[in-house]
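Okay, structure first, notes after.
The values are calculated or read from the model by the stated rules, or taken from the named source; none is laboratory data. All figures in this text were calculated on a predicted structure; none of them were measured in a lab. Positions of Cβ are backbone-derived with ideal geometry, glycine not excepted, and every protein chain shown enters the neighbour counts. Keep in mind that these areas ignore ligands, DNA and RNA; they rest on the heavy atoms of the full protein, side chains included. Shrake-Rupley method; radii C 1.70, N 1.55, O 1.52, S 1.80 Å.
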Amino acid sequence: MAAKARIGVLGAGLMGHGIAQVFALAGHAVSIYDPVAASLEQVRTRIAANLRDLGDDEAAAQRVQPCTDLAEAVRDADFVVEAAPENLEIKRKLFQETEALVRPDTILASNTSVIPITAIMQDLHERSRALGTHWWNPPFLVPLVEVIGTQWTSRAAIDWTMGLHAAAGKKPAHVKKDVPGFIGNRLQHALWREAIALVEEGICDAETVDTVIKAAFGRRLAVLGPLENADLVGTDLTLAIHKTVLPAINSRPAPSPYLERLVADGKLGFKSSEGFRKWTPEAQAALRAKVVAHLKKARADDV
Ligand SMILES: NC(=O)c1ccc[n+]([C@@H]2O[C@H](COP(=O)([O-])OP(=O)(O)OC[C@H]3O[C@@H](n4cnc5c(N)ncnc54)[C@H](O)[C@@H]3O)[C@@H](O)[C@H]2O)c1
(Lines give C-alpha, C1' and ligand atoms only; values in the text may rest on other atoms or scores of the structure.)
Protein backbone atom coordinates (compact mmCIF):
# COMPACT_ATOMS: atom_id res chain seq x y z
CA MET A 1 0.00 0.00 0.00
CA ALA A 2 1.26 3.46 -0.90
CA ALA A 3 2.08 5.44 2.26
CA LYS A 4 0.24 8.38 0.75
CA ALA A 5 -2.57 7.23 -1.50
CA ARG A 6 -4.95 9.21 -3.68
CA ILE A 7 -8.48 8.57 -2.49
CA GLY A 8 -11.71 9.47 -4.30
CA VAL A 9 -14.92 9.61 -2.25
CA LEU A 10 -18.26 9.65 -4.11
CA GLY A 11 -21.05 11.25 -2.06
CA ALA A 12 -20.44 13.97 0.53
CA GLY A 13 -23.29 13.15 2.91
CA LEU A 14 -23.29 11.72 6.42
CA MET A 15 -20.96 8.81 5.61
CA GLY A 16 -18.95 10.28 2.72
CA HIS A 17 -17.72 13.35 4.62
CA GLY A 18 -16.74 11.19 7.61
CA ILE A 19 -14.87 8.65 5.45
CA ALA A 20 -13.04 11.51 3.68
CA GLN A 21 -12.11 12.90 7.12
CA VAL A 22 -10.55 9.59 8.25
CA PHE A 23 -8.42 9.25 5.11
CA ALA A 24 -7.35 12.91 5.18
CA LEU A 25 -6.33 12.63 8.84
CA ALA A 26 -4.25 9.57 7.87
CA GLY A 27 -2.32 11.84 5.47
CA HIS A 28 -3.88 10.80 2.16
CA ALA A 29 -4.92 13.21 -0.59
CA VAL A 30 -8.72 13.01 -0.79
CA SER A 31 -11.05 14.25 -3.53
CA ILE A 32 -14.77 14.17 -2.86
CA TYR A 33 -17.53 14.35 -5.46
CA ASP A 34 -21.23 15.09 -4.99
CA PRO A 35 -23.72 16.25 -7.63
CA VAL A 36 -25.60 18.28 -5.00
CA ALA A 37 -23.86 21.63 -4.54
CA ALA A 38 -25.11 22.09 -0.96
CA SER A 39 -23.47 18.83 0.21
CA LEU A 40 -20.18 19.71 -1.44
CA GLU A 41 -20.07 23.32 -0.28
CA GLN A 42 -20.21 22.42 3.39
CA VAL A 43 -17.94 19.37 3.34
CA ARG A 44 -14.69 21.04 4.45
CA THR A 45 -16.40 23.09 7.17
CA ARG A 46 -18.15 19.99 8.42
CA ILE A 47 -14.91 18.00 8.54
CA ALA A 48 -12.99 20.86 10.22
CA ALA A 49 -15.72 21.11 12.90
CA ASN A 50 -15.52 17.35 13.58
CA LEU A 51 -11.72 17.46 13.79
CA ARG A 52 -11.85 20.41 16.20
CA ASP A 53 -14.44 18.67 18.37
CA LEU A 54 -12.30 15.51 18.54
CA GLY A 55 -9.04 17.38 19.20
CA ASP A 56 -7.59 16.11 15.89
CA ASP A 57 -5.45 18.13 13.46
CA GLU A 58 -7.85 20.60 11.85
CA ALA A 59 -5.42 21.17 8.95
CA ALA A 60 -6.38 17.71 7.65
CA ALA A 61 -9.59 19.28 6.26
CA GLN A 62 -7.39 21.06 3.68
CA ARG A 63 -6.34 17.68 2.27
CA VAL A 64 -9.97 17.15 1.17
CA GLN A 65 -10.64 18.58 -2.29
CA PRO A 66 -14.35 19.07 -3.13
CA CYS A 67 -15.08 18.32 -6.83
CA THR A 68 -18.20 19.09 -8.84
CA ASP A 69 -16.87 16.86 -11.62
CA LEU A 70 -16.67 13.06 -11.21
CA ALA A 71 -13.69 12.76 -13.59
CA GLU A 72 -11.71 15.27 -11.55
CA ALA A 73 -12.48 13.44 -8.29
CA VAL A 74 -11.32 10.01 -9.45
CA ARG A 75 -8.45 10.97 -11.77
CA ASP A 76 -5.28 9.05 -10.77
CA ALA A 77 -7.03 7.64 -7.69
CA ASP A 78 -5.59 4.51 -6.07
CA PHE A 79 -8.85 3.84 -4.26
CA VAL A 80 -12.41 5.08 -4.86
CA VAL A 81 -15.13 4.60 -2.23
CA GLU A 82 -18.78 5.31 -2.98
CA ALA A 83 -21.17 6.64 -0.31
CA ALA A 84 -24.05 7.72 -2.57
CA PRO A 85 -27.73 7.02 -1.70
CA GLU A 86 -28.73 3.40 -0.96
CA ASN A 87 -30.13 2.76 -4.43
CA LEU A 88 -28.89 -0.03 -6.70
CA GLU A 89 -29.40 1.86 -9.97
CA ILE A 90 -27.55 4.97 -8.73
CA LYS A 91 -24.64 2.86 -7.51
CA ARG A 92 -24.38 0.69 -10.65
CA LYS A 93 -24.44 3.73 -12.91
CA LEU A 94 -21.89 5.57 -10.80
CA PHE A 95 -19.42 2.66 -10.88
CA GLN A 96 -19.84 2.20 -14.63
CA GLU A 97 -19.08 5.90 -15.17
CA THR A 98 -16.20 5.76 -12.70
CA GLU A 99 -14.61 2.67 -14.27
CA ALA A 100 -14.25 4.55 -17.56
CA LEU A 101 -12.35 7.35 -15.78
CA VAL A 102 -9.88 5.48 -13.55
CA ARG A 103 -6.73 3.40 -14.05
CA PRO A 104 -7.19 -0.37 -14.61
CA ASP A 105 -5.74 -1.07 -11.14
CA THR A 106 -7.78 1.49 -9.16
CA ILE A 107 -9.70 -0.31 -6.42
CA LEU A 108 -13.43 0.44 -6.42
CA ALA A 109 -15.40 0.10 -3.16
CA SER A 110 -19.04 0.56 -2.18
CA ASN A 111 -20.16 1.53 1.33
CA THR A 112 -23.64 0.08 0.79
CA SER A 113 -25.43 -0.98 3.98
CA VAL A 114 -27.24 -3.99 2.56
CA ILE A 115 -27.16 -4.17 -1.25
CA PRO A 116 -25.03 -7.15 -2.39
CA ILE A 117 -21.69 -5.96 -3.79
CA THR A 118 -22.13 -8.53 -6.60
CA ALA A 119 -25.28 -6.74 -7.80
CA ILE A 120 -23.57 -3.34 -7.77
CA MET A 121 -20.36 -4.43 -9.51
CA GLN A 122 -21.54 -7.17 -11.91
CA ASP A 123 -21.39 -5.03 -15.07
CA LEU A 124 -17.83 -3.76 -14.59
CA HIS A 125 -15.13 -4.85 -17.03
CA GLU A 126 -12.48 -5.44 -14.36
CA ARG A 127 -14.36 -6.97 -11.44
CA SER A 128 -11.29 -8.30 -9.64
CA ARG A 129 -10.65 -4.81 -8.18
CA ALA A 130 -14.25 -4.24 -6.98
CA LEU A 131 -15.30 -4.87 -3.38
CA GLY A 132 -17.34 -3.53 -0.46
CA THR A 133 -16.09 -1.44 2.45
CA HIS A 134 -18.89 -1.16 4.99
CA TRP A 135 -18.24 1.60 7.54
CA TRP A 136 -20.34 2.34 10.61
CA ASN A 137 -21.72 5.71 11.64
CA PRO A 138 -20.01 7.95 12.60
CA PRO A 139 -17.05 6.77 10.50
CA PHE A 140 -14.51 8.69 12.61
CA LEU A 141 -15.75 7.20 15.90
CA VAL A 142 -16.70 3.58 15.14
CA PRO A 143 -13.58 1.55 14.31
CA LEU A 144 -14.96 -1.32 12.21
CA VAL A 145 -14.87 -1.46 8.40
CA GLU A 146 -16.11 -4.71 6.86
CA VAL A 147 -14.17 -5.47 3.66
CA ILE A 148 -16.38 -7.61 1.42
CA GLY A 149 -15.10 -9.65 -1.49
CA THR A 150 -17.25 -11.04 -4.30
CA GLN A 151 -16.54 -14.20 -6.26
CA TRP A 152 -14.44 -12.04 -8.61
CA THR A 153 -12.43 -9.93 -6.13
CA SER A 154 -8.68 -10.59 -6.12
CA ARG A 155 -6.84 -11.42 -2.91
CA ALA A 156 -4.45 -8.55 -3.73
CA ALA A 157 -7.33 -6.03 -3.80
CA ILE A 158 -8.64 -7.32 -0.44
CA ASP A 159 -5.18 -7.22 1.17
CA TRP A 160 -4.40 -3.72 -0.12
CA THR A 161 -7.77 -2.43 1.12
CA MET A 162 -7.38 -4.07 4.53
CA GLY A 163 -3.90 -2.47 4.82
CA LEU A 164 -5.18 0.97 3.77
CA HIS A 165 -7.90 0.96 6.45
CA ALA A 166 -5.71 -0.52 9.20
CA ALA A 167 -3.07 2.15 8.55
CA ALA A 168 -5.80 4.82 8.84
CA GLY A 169 -6.61 3.55 12.34
CA LYS A 170 -9.67 1.47 11.42
CA LYS A 171 -10.33 -2.16 12.30
CA PRO A 172 -10.88 -3.92 8.96
CA ALA A 173 -12.70 -7.28 9.02
CA HIS A 174 -12.63 -9.54 5.95
CA VAL A 175 -16.05 -10.83 4.85
CA LYS A 176 -15.24 -13.79 2.60
CA LYS A 177 -18.68 -14.18 1.01
CA ASP A 178 -20.98 -11.45 -0.30
CA VAL A 179 -23.99 -12.31 1.89
CA PRO A 180 -26.87 -9.91 2.77
CA GLY A 181 -26.05 -7.92 5.91
CA PHE A 182 -22.37 -8.98 5.73
CA ILE A 183 -21.33 -9.86 9.34
CA GLY A 184 -22.22 -6.91 11.56
CA ASN A 185 -25.77 -6.33 10.40
CA ARG A 186 -26.59 -10.05 10.45
CA LEU A 187 -25.56 -10.22 14.11
CA GLN A 188 -27.22 -6.92 14.98
CA HIS A 189 -30.54 -7.81 13.37
CA ALA A 190 -30.61 -11.35 14.79
CA LEU A 191 -30.64 -9.58 18.18
CA TRP A 192 -33.24 -7.01 17.07
CA ARG A 193 -35.55 -9.79 15.83
CA GLU A 194 -35.56 -11.42 19.25
CA ALA A 195 -35.85 -8.03 21.00
CA ILE A 196 -39.02 -7.26 19.00
CA ALA A 197 -40.38 -10.78 19.56
CA LEU A 198 -40.03 -10.40 23.36
CA VAL A 199 -42.23 -7.29 23.21
CA GLU A 200 -44.63 -8.82 20.66
CA GLU A 201 -45.13 -11.87 22.87
CA GLY A 202 -45.79 -9.73 25.98
CA ILE A 203 -42.74 -11.01 27.86
CA CYS A 204 -41.63 -7.45 28.63
CA ASP A 205 -41.96 -3.90 27.32
CA ALA A 206 -39.52 -2.17 24.94
CA GLU A 207 -37.79 -0.20 27.69
CA THR A 208 -37.13 -3.41 29.62
CA VAL A 209 -35.54 -5.09 26.60
CA ASP A 210 -33.10 -2.20 26.27
CA THR A 211 -32.40 -2.12 30.02
CA VAL A 212 -31.66 -5.86 30.11
CA ILE A 213 -29.16 -5.56 27.27
CA LYS A 214 -27.48 -2.35 28.43
CA ALA A 215 -27.21 -3.47 32.09
CA ALA A 216 -26.13 -7.06 31.39
CA PHE A 217 -24.24 -8.49 28.44
CA GLY A 218 -24.13 -5.10 26.68
CA ARG A 219 -21.70 -4.02 29.41
CA ARG A 220 -19.29 -6.76 28.37
CA LEU A 221 -19.82 -6.77 24.61
CA ALA A 222 -17.18 -4.16 23.74
CA VAL A 223 -14.47 -6.34 25.31
CA LEU A 224 -15.95 -9.86 25.12
CA GLY A 225 -17.35 -11.17 21.82
CA PRO A 226 -19.92 -14.00 21.86
CA LEU A 227 -17.48 -16.69 20.76
CA GLU A 228 -14.85 -15.59 23.27
CA ASN A 229 -17.66 -15.70 25.82
CA ALA A 230 -18.69 -19.23 24.72
CA ASP A 231 -15.12 -20.40 25.21
CA LEU A 232 -14.91 -18.59 28.54
CA VAL A 233 -17.98 -20.35 29.96
CA GLY A 234 -17.26 -23.59 28.07
CA THR A 235 -18.61 -24.94 24.79
CA ASP A 236 -20.29 -27.77 26.78
CA LEU A 237 -22.32 -25.23 28.79
CA THR A 238 -23.07 -23.30 25.57
CA LEU A 239 -24.40 -26.51 23.99
CA ALA A 240 -26.60 -27.27 27.01
CA ILE A 241 -28.02 -23.72 26.95
CA HIS A 242 -28.70 -23.90 23.22
CA LYS A 243 -30.61 -27.19 23.56
CA THR A 244 -33.07 -25.49 25.91
CA VAL A 245 -33.19 -21.94 24.57
CA LEU A 246 -32.87 -22.13 20.78
CA PRO A 247 -36.19 -23.93 20.17
CA ALA A 248 -37.91 -21.04 22.02
CA ILE A 249 -36.14 -18.18 20.22
CA ASN A 250 -37.88 -16.44 17.34
CA SER A 251 -36.73 -17.64 13.91
CA ARG A 252 -39.32 -15.98 11.66
CA PRO A 253 -37.70 -15.42 8.24
CA ALA A 254 -39.56 -12.12 7.72
CA PRO A 255 -40.15 -8.83 9.55
CA SER A 256 -42.31 -8.99 12.68
CA PRO A 257 -46.01 -8.10 12.24
CA TYR A 258 -45.54 -5.91 15.35
CA LEU A 259 -42.93 -3.87 13.46
CA GLU A 260 -45.10 -3.78 10.33
CA ARG A 261 -47.96 -2.40 12.44
CA LEU A 262 -45.81 0.35 13.98
CA VAL A 263 -44.80 1.52 10.51
CA ALA A 264 -48.36 1.30 9.15
CA ASP A 265 -49.57 3.40 12.13
CA GLY A 266 -46.95 6.08 11.40
CA LYS A 267 -45.01 5.27 14.58
CA LEU A 268 -41.61 5.72 12.92
CA GLY A 269 -39.45 6.40 15.98
CA PHE A 270 -37.66 9.71 16.57
CA LYS A 271 -38.98 11.26 13.35
CA SER A 272 -42.61 10.93 14.49
CA SER A 273 -41.92 11.14 18.27
CA GLU A 274 -43.05 7.55 18.79
CA GLY A 275 -41.85 4.10 17.74
CA PHE A 276 -41.41 1.24 20.20
CA ARG A 277 -41.36 4.03 22.80
CA LYS A 278 -42.40 7.71 22.99
CA TRP A 279 -39.66 10.33 22.43
CA THR A 280 -39.81 14.01 23.34
CA PRO A 281 -37.32 16.27 21.49
CA GLU A 282 -35.34 16.56 24.76
CA ALA A 283 -35.18 12.76 25.19
CA GLN A 284 -34.02 12.36 21.59
CA ALA A 285 -31.26 14.97 22.00
CA ALA A 286 -30.16 13.42 25.30
CA LEU A 287 -29.89 9.92 23.79
CA ARG A 288 -27.95 11.14 20.76
CA ALA A 289 -25.55 13.08 23.00
CA LYS A 290 -25.10 10.05 25.27
CA VAL A 291 -24.16 7.80 22.33
CA VAL A 292 -21.63 10.30 20.93
CA ALA A 293 -20.08 10.86 24.39
CA HIS A 294 -19.78 7.10 24.87
CA LEU A 295 -18.15 6.60 21.44
CA LYS A 296 -15.72 9.47 22.02
CA LYS A 297 -14.68 8.00 25.36
CA ALA A 298 -14.20 4.56 23.79
CA ARG A 299 -12.06 6.11 21.04
CA ALA A 300 -9.97 7.97 23.62
CA ASP A 301 -9.54 4.74 25.62
CA ASP A 302 -8.39 2.93 22.43
CA VAL A 303 -5.40 5.22 21.84
N1 LIG B 1 -26.05 6.42 7.57
C2 LIG B 1 -25.51 5.31 8.08
O3 LIG B 1 -25.53 5.04 9.29
C4 LIG B 1 -24.79 4.36 7.15
C5 LIG B 1 -23.93 3.40 7.70
C6 LIG B 1 -23.25 2.53 6.82
C7 LIG B 1 -23.45 2.63 5.46
N8 LIG B 1 -24.33 3.59 4.95
C9 LIG B 1 -24.50 3.66 3.50
O10 LIG B 1 -23.69 4.73 3.00
C11 LIG B 1 -24.30 5.29 1.83
C12 LIG B 1 -24.52 6.79 2.04
O13 LIG B 1 -25.36 6.97 3.15
P14 LIG B 1 -25.45 8.38 3.93
O15 LIG B 1 -26.10 8.08 5.23
O16 LIG B 1 -24.14 9.07 3.89
O17 LIG B 1 -26.48 9.15 2.97
P18 LIG B 1 -26.64 10.73 2.75
O19 LIG B 1 -27.99 10.91 2.17
O20 LIG B 1 -26.27 11.49 3.99
O21 LIG B 1 -25.53 11.07 1.64
C22 LIG B 1 -25.61 10.65 0.31
C23 LIG B 1 -24.94 11.70 -0.55
O24 LIG B 1 -24.85 11.21 -1.88
C25 LIG B 1 -25.08 12.30 -2.74
N26 LIG B 1 -25.44 11.79 -4.07
C27 LIG B 1 -26.65 11.71 -4.67
N28 LIG B 1 -26.53 11.17 -5.90
C29 LIG B 1 -25.20 10.93 -6.10
C30 LIG B 1 -24.42 10.42 -7.16
N31 LIG B 1 -24.99 10.03 -8.30
N32 LIG B 1 -23.08 10.35 -7.01
C33 LIG B 1 -22.48 10.72 -5.87
N34 LIG B 1 -23.16 11.21 -4.81
C35 LIG B 1 -24.50 11.32 -4.92
C36 LIG B 1 -26.16 13.11 -2.06
O37 LIG B 1 -26.19 14.44 -2.56
C38 LIG B 1 -25.70 13.04 -0.61
O39 LIG B 1 -24.83 14.11 -0.28
C40 LIG B 1 -25.59 4.50 1.62
O41 LIG B 1 -25.36 3.45 0.73
C42 LIG B 1 -25.90 3.98 3.01
O43 LIG B 1 -26.72 2.85 3.01
C44 LIG B 1 -24.98 4.45 5.76
**Complete:** Under the helix-only model (-39500 (n - 2.57) for each DSSP H run of 4 or more, divided by the residues of the chain), the mean residue ellipticity at 222 nm, to 500 deg cm²/dmol, is -14000 deg cm²/dmol
**Message:** Of Ala264, Val147, Val291, which is farthest towards the positive pole of the chain's charge dipole, taken about the Cα centre with +1 and -1 on the beta-carbons of Lys, Arg and Asp, Glu respectively?
**Reply:** Val291
**Message:** Leaving out ligands, DNA and RNA, and with a 1.4 Å probe, what % of the accessible surface on the stretch 197-278 is carbon or sulfur?
**Reply:** 60
**Fill in**
Taking alpha-carbon centroids only, the stretch 239-253 lies from the stretch 149-213 a number of Å equal to 20
**Message:** On a 1.4 Å probe surface of the protein chains, which of Ile19, Ile90, Ile203, Ile196 comes out largest in accessible area, and what is the full order?
**Reply:** Ile203, Ile90, Ile196, Ile19
**Fill in**
The local net charge around Ala83, scoring Lys/Arg +1 and Asp/Glu -1 for residues other than Ala83 whose Cβ lies under 11 Å from its Cβ, equals -2
**Asked** Which value, in nm² and rounded to one decimal, describes the direction-averaged projected area of the C-alpha convex hull of the stretch 162-292?
**Response** 11.1
**Residue-level accessible surface for Val175, protein heavy atoms, 1.4 Å, Å²** = 10
**Item:** Among Ala71, Ala59, Val9 the positive-end extreme of the charge dipole of the stretch 1-88 (Cβ point charges)
**Value:** Ala59
**Asked** Short version: what are the Cα gyration tensor semi-axes of the chain, square root of 5 times each eigenvalue, largest first, in whole Å?
**Response** 35, 23, 21
**Item:** Most mobile listed residue (Leu287, Leu88, Leu246) in the chain, GNM with C-alpha springs under 10 Å
**Value:** Leu246
**Prompt:** Excluding ligands and nucleic acids, what accessible area in Å² is computed for Asp105 using a 1.4 Å probe, to the nearest 10?
**Reply:** 90
**Prompt:** Got a sec? What order do Cys204, Cys67 fall in by accessible area at 1.4 Å, biggest, i.e. largest, first?
**Reply:** Cys204, Cys67
**Asked** Which value, in Å², gives the accessible area per residue of the chain when a 1.4 Å probe is used on the protein heavy atoms?
**Response** 55
**Complete:** A 1.4 Å probe over the protein heavy atoms gives the stretch 64-196 a carbon and sulfur accessible-area percentage of 56
**Asked** Percent relative contact order of the chain, based on C-alpha pairs within less than 8 angstrom and at least six residues apart?
**Response** 12
**Dipole magnitude (debye, nearest 20) for the stretch 78-135, charges at Cβ of Lys, Arg, Asp, Glu** = 80
**Asked** What lysines sit close enough to Lys271 to cross-link, taking a C-alpha to C-alpha distance under 24 Å and skipping anything fewer than 8 places away on the same chain?
**Response** Lys214, Lys290
**Item:** Estimated dipole of the stretch 31-111 in Debye, rounded to 20 [Cβ of Lys and Arg +1, of Asp and Glu -1, Cα centre]
**Value:** 80
**Neighbour cut-off at most 14 other Cβ (10 Å), DSSP loop, GluC sites (Glu not before Pro), the stretch 255-294** = none
**Asked** Cβ under 12 Å from Tyr33's Cβ, Tyr33 left aside: what net charge do those residues give with Lys, Arg +1 and Asp, Glu -1?
**Response** -4
**Message:** Just to confirm the number: angle between the C-alpha axis of helix 184-200 and the first principal axis of the chain, 0 to 90 degrees, nearest 10?
**Reply:** 30
**Message:** Defining a contact as two alpha carbons under 8 Å apart and six or more residues distant in sequence, what relative contact order in percent does the stretch 1-47 show?
**Reply:** 42
**Prompt:** Exactly which GluC sites (Glu not before Pro) in the stretch 145-236 are in a DSSP loop and have at most 16 other Cβ atoms within 10 Å?
**Reply:** Glu201
**Unit charges on C-beta of K, R, D, E only; dipole of the chain, Debye** = 340
**Message:** If you count only protein heavy atoms and use a 1.4 Å probe, how large is the accessible surface of Phe270, to the nearest 10 Å²?
**Reply:** 60
